[in-house]
1. Of the conditions (1) among the hydrophobic types (A, V, I, L, M, F, W, C); (2) open to solvent by less than 50 Å² (accessible area, probe 1.4 Å); (3) out of contact with any helix residue (DSSP H, G or I) (no Cβ under 9 Å at 6 or more places or on another chain), residue 16 fails just one. Which one is it?
2. Kindly indicate which of 18, 4, 36 is under 12 Å from the mean Cα position of the chain (by Cα), within 18 Å of residue 102 (Cβ to Cβ) and free of Cβ contacts under 8 Å to residues at least 40 places away in the same chain.
3. In the set 50, 33, 23, which member is outside any helix (DSSP H, G or I) and open to solvent by 80 Å² or more (accessible area, probe 1.4 Å)?
4. When the residues of the stretch 59-104 are narrowed to those that are part of a loop (DSSP other than H, G, I, E, B) and not aliphatic (A, V, I, L, M), which ends up least open to solvent (accessible area, probe 1.4 Å)?
Amino acid sequence: MKRALIICAGGMSSSVIAKKTTEYLQGKGKEIELDATSASQGSTTIAKDEYDLYLVSPQTKMYFANLEKAAIKTNKPIVNIPPQAYVPIPMGIEKMGKLVEENI
């Protein structure tokens, strides 16, 4: 099972998006699971090296450079989430799923 982590401001909205995207991807037969955490825990969580991909939410993109340094140490990809993929509606979840599939 591949794992991806969404890093956002508080982790609340991302938890909903992570759950819906996991359901979407697994419904397509993909063995991918998404989780979410807050930006304040982002670097610490990345350092644990438990995920295959890190996704930075639009509202926390100002932390991308610091988070990227942590991700480079684990040799794992990290990408910014475009705003249109960060909405918990079917079109947004589909875009998030595609983003994950392209980068994991």
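The values are calculated or read from the model by the stated rules, or taken from the named source; none is laboratory data. The structure presented is a predicted model; accordingly, all values stated were derived computationally and were not measured. Please note: Cβ atoms are built from the backbone with ideal geometry, for glycine as well, and neighbour counts cover all protein chains shown. The protein model used for the area step is the full one, side chains on, heavy atoms only, and it has no ligands, DNA or RNA in it. Shrake-Rupley method; radii C 1.70, N 1.55, O 1.52, S 1.80 Å.
1. If we test residue 16 against (1) among the hydrophobic types (A, V, I, L, M, F, W, C); (2) open to solvent by less than 50 Å² (accessible area, probe 1.4 Å); (3) out of contact with any helix residue (DSSP H, G or I) (no Cβ under 9 Å at 6 or more places or on another chain), just (2) comes out false.
2. Exactly one residue qualifies, and that residue is 18.
3. So the residue among 50, 33, 23 that is outside any helix (DSSP H, G or I) and open to solvent by 80 Å² or more (accessible area, probe 1.4 Å) is 50.
4. Step by step, filter the stretch 59-104, then rank; the result is 86.
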